[in-house]
Amino acid sequence: MREAMPITAAFIDSFREAFGADIINASIKAGMQGHPGAFYASEAGQTIGTPAPDLSAVSIKLSETLVGPMNKPKKERN
């Protein structure tokens, strides 16, 4: 893979350095085993892993969203 996808290999190496090889290797392995969205890469016509599902048909309107704290403030919890 390193020869066919050098930019991807360098990117993965930087993730291994930042987050630890164990978690990155587990994600790559899951993608290679067919788990959608775990790991997928494409470079120069080569692909590896399993792509995430196509969610282009799913949409959420901004008017349907709520932006704010996930938890109630402490004074409102009691």
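Per-residue ellipticity at 222 nm computed for the chain from its helices equals -11500 deg cm²/dmol, with DSSP H segments shorter than 4 residues left out and the rest contributing -39,500 (n - 2.57). The long axis of helix 6-19 is offset from the longest Cα principal axis of the chain by roughly 50 degrees. Using only Cα atoms, tell me the angle between helix 21-32 and the longest principal axis of the chain; keep it within 0 to 90° and round to the nearest 10. Approximately 80 degrees, to the nearest 10. If a paramagnetic tag sat 7 Å from the Cα of I7 along the Cα-Cβ line, which residues of segment 14-43 would have the backbone N under 12 Å from that point? From segment 14-43, the list is 42-43. Based on the Cβ-Cβ distance from N71 to K29, what FRET efficiency comes out when R0 is 35 Å, to the nearest 0.05? Efficiency for this residue pair is about 0.50. For A44 and D22, a Förster radius of 22 Å and the Cβ-Cβ distance give a FRET efficiency of 0.20, rounded to the nearest 0.05. Put a plus charge on the Cβ of each Lys and Arg, a minus charge on the Cβ of each Asp and Glu, and nothing anywhere else: the dipole of the chain about its Cα centre is then about 580 debye. Once C-alpha pairs closer than 8 Å and six or more residues apart are averaged by separation and normalised to the residue number of segment 6-53, the relative contact order reads 28 percent.
Bear in mind these aren't lab numbers, they're just calculated from the coordinates by the rules spelled out. Everything quoted here is computed from the prediction, not taken from an experiment. So basically every Cβ, Gly included, is an ideal-geometry build from the backbone, and we count neighbours across all protein chains shown.
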